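S.K.: Just dropping this structure here.
The values are calculated or read from the model by the stated rules, or taken from the named source; none is laboratory data. For clarity, every value in this text was computed on a predicted model and none was experimentally measured. The accessibility values were calculated without ligands, DNA or RNA, using every heavy atom of the protein model including side chains. Shrake-Rupley method; radii C 1.70, N 1.55, O 1.52, S 1.80 Å.
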Amino acid sequence: MVSYYLWPPLAVAMVAAARDWSRLVPTGCVAVALTFFSQIFWRNPWSWWTPMVTGLALALFFARVRSGTGAASQVLPEPGEQLAADRAP
């Protein structure tokens, strides 16, 4: 197995986590650990694949946007209702 297959999803996780330090630090730690452990010689492909996929899932879990933080919640208009800009009277 080759470790460069891990970096596209790790790069996506790092970009997604880059907006907040509380997401970036654990995601970065998982990325460093995966990079290190993917270089170790593994005799069985499944014994390499299983921890790598688990680590990728963990990195994506840490990089997720938690509800209540990050982007403001978006309110969509009801069907038939017109979208109006917020203005002070």
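S.K.: Express the accessible area of the stretch 3-56 per residue in Å², computed with a 1.4 Å probe while the remaining protein chains stay in the model.
M.R.: That works out to 68 Å² per residue.
S.K.: For Trp42, what residues show an amide H to amide H distance below 5 Å, using hydrogens built from the backbone and excluding near sequence neighbours?
M.R.: Result for Trp42 returns nothing.
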